[in-house]
Structure formats: structure tokens, C-alpha cells
1. Which three extents, in whole angstrom, do the alpha-carbon atoms of the chain cover along their principal axes, largest first?
2. So what is the accessible area of the chain per residue, in Å², with the probe set to 1.4 Å?
3. Taking all protein chains in place and a 1.4 Å probe, what share, in percent, of the accessible surface of the chain do carbon and sulfur account for?
4. Could you tell me how far the Cα centroid of segment 96-121 sits from the Cα centroid of segment 25-56, in Å?
5. Within segment 17-121, report the chymotrypsin sites (Phe, Trp or Tyr not before Pro) that DSSP leaves as loop and that have at most 13 other Cβ atoms within 10 Å.
6. Using the Cβ atoms and a cut-off under 14 Å, what net charge is assigned to the surroundings of S62, where Lys and Arg are +1 and Asp and Glu are -1?
7. In a GNM of the chain with a 10 Å cut-off on Cα contacts, which of R44, R19, R71 has the highest mean-square fluctuation?
8. Any number yet on Rg/Rh for segment 41-94, C-alpha, Kirkwood?
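The values are calculated or read from the model by the stated rules, or taken from the named source; none is laboratory data. Keep in mind it's a predicted model, so treat the numbers as computed, not measured. Using ideal geometry, Cβ is built from the backbone for each residue, glycine included, and neighbour counts are taken over all protein chains shown. To get the accessible areas, we keep the full protein, side chains included, count just its heavy atoms, and leave off ligands, DNA and RNA. Shrake-Rupley method; radii C 1.70, N 1.55, O 1.52, S 1.80 Å.
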Amino acid sequence: QVQLVASGGGLVQAGGSLRLSCVASGNIFSISAMRWYRLAPGKRRVLVVAITSGVSRNYVDSTKGRFTLSRDNAKNTVSLQMNRLEPEDTAVYYCNARVANYNSPRVNDYWGQGTQVTVSS
């Protein structure tokens, strides 16, 4: 089994910054992708940013130039640096990892528990 533990959420004023982290542990042979999604009240969960083969991509236009994803492969960790936060960024943020397990031909997606980010205006 694989566990993802997310941390770093909180309450911040508009224009402030937060850094989210997600650590993966357990039966991990390799991780092909790590992602952050967010779920805002009354909205669908959306993919915000992902890193695959060392390349990061932002999927929400409003976060480009403000959100930066980095990965530490040795520690199976991703960090999402969020700058110039806006009230519209308020959501529960979930990390996700696509993992190949030892002794298994399949890859599986695993999810963290979610961390709340609240941006006040």
C-alpha cells in the first residue's frame, strides 16, 4: 500500500503565499507522475498542476506564473509553492501520485487526505 500525506494548507490574506507538500511512502517502485488537484465549494475537482518526467505543467490558467511545482525524487515528495494567492484559490487541495508498486505489473493512483487553503480578501 502507498500513503500520501499532504501538509501546508492554511489561512492567508490575498497576495500572500503558501507552500504545500506531499510525501509518498510505502510500496513504491517508481512514481511516474505527481499532481495537485483542488476542490472548491460548489465546483468540480480540477487538476491544477502536475509533474511528469521532471517536467511541470500548470493546467489552470490563473495559476500560471503564481504556482510552481517541484519534486524531490529521492524523498518521493512534491512541493507546490503558491504565490500571490487570490480568494479564487480557496479550495481543498489534494495530491495524487501514479505509482508502480513492487511485484505488480500495474500502476495505481493514490490520493492524499486533502489540505484546506483559504484565501481571504
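1. Principal extents (largest minus smallest coordinate, Cα): 49, 25, 22 Å.
2. Values: 6500 Å² over 121 residues.
Heavy-atom SASA per residue in the chain reads 54 Å².
3. Values: 3170 of 6500 Å².
With neighbouring chains kept in place, the figure for the chain is 49 percent.
4. That distance is 6 Å.
5. Numbers: sites: F29, W36, Y37, Y59, F67, Y93, Y94, Y102, Y110, W111; in loops: F29, Y59, Y102.
Hits after loop and neighbour filter: F29, Y102.
6. Numbers: positive: R38, K43, K64, R66, R84; negative: D61, E86, E88, D89.
The answer is +1.
7. R44
8. Value, to two decimals: 0.97.
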